[in-house]
Each structure stands twice: as structure tokens, then as C-alpha cells.
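Peer 1: Okay, here's the structure, questions in a sec.
The values are calculated or read from the model by the stated rules, or taken from the named source; none is laboratory data. Everything quoted here is computed from the prediction, not taken from an experiment. Note that we place each Cβ from the backbone using ideal geometry, even for glycine, and neighbour counts take in every protein chain shown. We work out accessible area using only protein heavy atoms, side chains counted, and drop any ligands, DNA or RNA first. Shrake-Rupley method; radii C 1.70, N 1.55, O 1.52, S 1.80 Å.
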Amino acid sequence: MTVYLCENGLEGIFCGVYEVYADRQPLSECRLSLREEYEPELFCSYKEIPLDPAKAEKVAKKVRNHMSMEAYRALSRAALHKSPARADRIFRFIALGLSAGRQVMQMLKEPAVYEILRMDQYVKNEAHFLVEFSRFWRQPSGLYCGTIGPENDVLELVAAHFADRFPDMDWALYDELRKKAALHASMGALVIRTKITEEESRLFDKNISADCYIKLWKTFFHTIAIEERKNPRCQRNMLPLRYRKYMTEFQP
């Protein structure tokens with residue numbers, strides 16, 4: 001078995017797919033793994049794949065033209081999934097799609113298709129939740145800051161929503177698990193910073209005394225609740241516990 005070690009992200013995975021086909025090895029004897037997450041195995045040979053945007057674009061163009069934009073978008077979101085096997089699953093989907101063409105998205109009985117669509121839906125669901133559950137607070141400088149800790153790498157999906165929703169505001173959204181942030185200037189471009197230092201991360205520490213709206217929101221949240229209609233079990237179903245640590249109204 002030859003294991004191709006590619007960079008994280010859709011571009012890196014596409015480079016791995018390109019190299020597999022360039023080497024002309026039997027697909028059953030190849031596997032894609034992320035360099036950052038693979039675990040060495042016995043009786044496997046390893047090949048590291050450098051990032052090459054030109055090669056990645058050739059694979060992306062093949063997917064868009066031969067399979068469909070729908071397939072390309074599904075793969076783009078699947079690449080954000082938390083599964084360590086996401087690189088190989090994307091590879092298997094593309095291998096099937098190269099023979100099935102535009103019918104690949106309807107082949108739900110195929111494990112390669114089922115897994116990608118399942119991952120795609122999971123990523124979309126979390127991004128949708130975070131659009132609703134993300135909270136911003138205002139720093140003394142006027143910058144609005146928010147912090148999230150998603151299971152999947154959905155920062156760019158969530159940030160794109162807020163860039164469209166608040167185009168005239170200065171704001172920053174920080175993924176504390178991956179130490180990356182989305183930065184948006186009023187009427188400017190959205191920028192993703194993939195390396196946030198410890199010192200820079202302090203920008204996202206909440207200062208309740210500096211933002212009176214935090215206190216007002218918490219007061220409103222607790223005042224509007226009807227004691228007799230509280231249903232913790234239903235609330236947990238609609239609002240999973242893992243999101244609450246980032247939500248203003250659940251902070252002490």
C-alpha cells in the first residue's frame with residue numbers, strides 16, 4: 001500500500017489526487033492521508049505531496065466540468081470535516097466520479113458517495129448553527145469580536161455569512177480551537193488569518209464592563225424566560241451544550 005501524504009485543505013487533497021493518477025498505480029493499492037494527522041503503519045510506503053496550486057486547479061476543473069458544480073461544492077465542504085479520513089474519502093469519490101460523470105451525486109448506495117454527502121451535510125449543519133449561535137461584543141476600540149470553537153473547520157463558511165450581513169462593520173471572528181481568525185474591515189475585504197499568536201488571541205477576551213449591551217442582553221434573556229414553560233431537554237436538542245460556552249446569555 002502506498003500512502004500519499006498531502007497538505008490539509010481542499011487544495012492539498014486535490015494535489016494528492018493528481019499525484020496518484022500521475023503515478024499510474026492501481027487505486028486499490030493507494031490511499032490519501034493528511035500529513036498532519038496520519039499514523040504510520042507497517043508494510044506501507046509513504047510519499048509526501050507538496051502543495052502545487054496548478055495541479056490542484058486541474059483536478060478542481062475536472063470535478064467541476066466532468067461531475068458538476070454541486071459535486072465540487074460538496075467536496076469543498078467535506079474537506080472541512082473533522083474526520084481524519086476526509087482526504088481518502090474525497091479521493092474515492094473523485095475516482096468514482098471520473099467514471100460515473102454527472103450521475104455520481106445520485107449514486108447514494110455507493111459508500112464513496114454516501115460518506116461525502118454525509119460529511120457535507122454535517123459541515124453545513126454546524127455552519128448553520130454557528131450563524132445563529134455566534135455572539136459578538138464591542139471592544140473599546142469599536143471592533144466587534146466573536147469566538148467560536150466548532151468541531152469542523154467552518155470558520156470561512158460562517159464568516160462569509162457575516163461579511164454579507166454586516167458589510168459596513170469592523171469585526172473579527174476567532175476559532176479558538178484552530179487558532180485562526182476571520183477579519184473584516186468596514187466596506188473592505190474578508191481576510192482569514194490562519195496563525196493567531198497568543199498575544200493576538202487576547203483581543204478576543206470578553207470585557208463585560210466595556211460593553212453595556214452584554215449586560216442588557218443577559219438581563220433580557222433571563223427576564224423574558226417563563227419559568228413554568230422551561231424544558232431543558234427540548235432546549236438541549238435545539239441548542240447543543242457545546243455551543244453555550246461561547247454564547248453571552250449562558251455566561252456567569
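Peer 1: So which of Arg229, Arg138 is over 18 Å from Leu80 (Cβ atoms), open to solvent by 70 Å² or more (accessible area, probe 1.4 Å), at pLDDT below 95 and touching a strand residue (DSSP E or B) at 6+ places or on another chain (Cβ under 6 Å)?
Peer 2: On the way: Arg229 fails: touching a strand residue (DSSP E or B) at 6+ places or on another chain (Cβ under 6 Å).
Every option except Arg138 fails the conditions.
Peer 1: Of the residues Met187, Met238, which single one is open to solvent by 60 Å² or more (accessible area, probe 1.4 Å), over 21 Å from Glu132 (Cβ atoms) and modelled with pLDDT under 90? Quick ask: steps written out before the conclusion?
Peer 2: Working: Met238 fails: over 21 Å from Glu132 (Cβ atoms).
Only one candidate passes the filter, namely Met187.
Peer 1: Another one. May I ask you to list pairs of residues, at least six apart or on different chains, whose Cβ atoms are under 7 Å apart, with the first in the stretch 16-27 being open to solvent by 30 Å² or more (accessible area, probe 1.4 Å) and the second being modelled with pLDDT of 95 or more and among the basic types (Lys, Arg)?
Peer 2: Tyr18/Lys55; Tyr18/Lys58
Peer 1: Let me ask something else. Within the stretch 167-252, which helices (runs of 4 or more DSSP H) (wholly inside it) include 2 or more residues that are of a type in the set (S, T, N, Q)?
Peer 2: 212-224, 232-238
Peer 1: Considering Thr194, Thr147, which residue is open to solvent by 80 Å² or more (accessible area, probe 1.4 Å), closer than 20 Å to Leu80 by Cα and in contact with a strand residue (DSSP E or B) (Cβ under 6 Å, 6 or more places away or on another chain)?
Peer 2: Being open to solvent by 80 Å² or more (accessible area, probe 1.4 Å), closer than 20 Å to Leu80 by Cα and in contact with a strand residue (DSSP E or B) (Cβ under 6 Å, 6 or more places away or on another chain) holds for just one of Thr194, Thr147, which is Thr194.
Peer 1: Now a separate question. I need the full set of residues from the stretch 63-103 which are aliphatic (A, V, I, L, M) and closer than 13 Å to Val113 by Cα, in order please. Please lay out each step first, then the result.
Peer 2: So in the stretch 63-103, the residues aliphatic (A, V, I, L, M) come out as 63, 67, 69, 71, 74-75, 78-80, 85, 87, 90, 94-96, 98, 100.
Scanning the stretch 63-103 gives Met67, Ala71, Ala74, Leu75, Ala78, Ile90, Ile94, Ala95, Leu96, Leu98, Ala100.
Peer 1: Right, something else. So if I check each of Lys109, Lys179, Lys195, which one is free of Cβ contacts under 8 Å to residues at least 24 places away in the same chain and on the phi > 0 side of the Ramachandran plot? Break it down stepwise before answering.
Peer 2: Details: Lys109 fails: on the phi > 0 side of the Ramachandran plot; Lys195 fails: on the phi > 0 side of the Ramachandran plot.
From the options Lys109, Lys179, Lys195, the qualifying one is Lys179.
Peer 1: Residue under question is Ala172, and the condition is that it be under 15 Å from the mean Cα position of the chain (by Cα) and either open to solvent by less than 10 Å² (accessible area, probe 1.4 Å) or over 27 Å from Phe93 (Cβ atoms) (or both); does it hold? Quick ask: steps written out before the conclusion?
Peer 2: Values: under 15 Å from the mean Cα position of the chain (by Cα): no; either open to solvent by less than 10 Å² (accessible area, probe 1.4 Å) or over 27 Å from Phe93 (Cβ atoms) (or both): yes.
So Ala172 fails the test.
Peer 1: Can you tell me which of Lys58, Lys82, Lys124, Lys62 is at pLDDT 95 or above and in a loop (DSSP other than H, G, I, E, B)? Break it down stepwise before answering.
Peer 2: On the way: Lys58 fails: in a loop (DSSP other than H, G, I, E, B); Lys124 fails: in a loop (DSSP other than H, G, I, E, B); Lys62 fails: in a loop (DSSP other than H, G, I, E, B).
So the residue among Lys58, Lys82, Lys124, Lys62 that is at pLDDT 95 or above and in a loop (DSSP other than H, G, I, E, B) is Lys82.
Peer 1: Name the residue that is farthest from Arg89 (Cα to Cα), counting only residues in the stretch 120-135 that are open to solvent by 40 Å² or more (accessible area, probe 1.4 Å) and touching a residue at least 60 places away in the same chain (Cβ under 8 Å). Steps first, please.
Peer 2: Of the residues in the stretch 120-135, the ones open to solvent by 40 Å² or more (accessible area, probe 1.4 Å) are 121-122, 124-125, 128-129, 131-132, 135.
Next, only the ones that are touching a residue at least 60 places away in the same chain (Cβ under 8 Å) stay: 129, 135.
Working: Phe129: 25, Arg135: 34 Å.
That would be Arg135.
Peer 1: Shifting gears a bit: Quick one: count up the residues across the stretch 14-37 that are assigned to a strand (DSSP E or B), among the hydrophobic types (A, V, I, L, M, F, W, C) and under 22 Å from the mean Cα position of the chain (by Cα). Explain how you work it out, then say what you get.
Peer 2: Step one: filter the stretch 14-37 for residues assigned to a strand (DSSP E or B), giving 30-34.
Now narrow it down to the ones that are among the hydrophobic types (A, V, I, L, M, F, W, C): 30, 32, 34.
Narrowing the set further to residues that are under 22 Å from the mean Cα position of the chain (by Cα) leaves 32, 34.
Summing the residues that are assigned to a strand (DSSP E or B), among the hydrophobic types (A, V, I, L, M, F, W, C) and under 22 Å from the mean Cα position of the chain (by Cα) in the stretch 14-37 gives 2.
Peer 1: May I ask you to list the residues in the stretch 38-50 that are part of a loop (DSSP other than H, G, I, E, B) and surrounded by 14 or more Cβ atoms within 10 Å (Cβ to Cβ)? Write out each step before concluding.
Peer 2: If we filter the stretch 38-50 for residues that are part of a loop (DSSP other than H, G, I, E, B), which is where we start, we get 38-44, 49-50.
Of everything in the stretch 38-50, those that are part of a loop (DSSP other than H, G, I, E, B) and surrounded by 14 or more Cβ atoms within 10 Å (Cβ to Cβ) turn out to be Tyr38, Ile49.
Peer 1: Let me spell it out: the conditions are (1) at pLDDT 85 or above; (2) over 20 Å from Gly9 (Cβ atoms), and Ile208 meets all of them except one. Which number is the exception?
Peer 2: (1)
Peer 1: Also, quick follow-up: Please enumerate the residues belonging to the stretch 80-113 that are open to solvent by 10 Å² or more (accessible area, probe 1.4 Å) and of a type in the set (A, V, I, L, M, F, W, C).
Peer 2: Leu80, Ala85, Ala95, Leu96, Leu98, Ala100, Met105, Met107, Leu108, Ala112
Peer 1: Inspect the stretch 230-243 for any residue being within 16 Å of Phe136 (Cβ to Cβ) and of a type outside the set (Lys, Arg) and give the result as yes or no. Steps first, please.
Peer 2: First pass over the stretch 230-243, keeping only residues within 16 Å of Phe136 (Cβ to Cβ): 243.
Now drop any that are not of a type outside the set (Lys, Arg), which leaves 243.
Among the residues of the stretch 230-243, at least one is within 16 Å of Phe136 (Cβ to Cβ) and of a type outside the set (Lys, Arg), which makes the answer yes.
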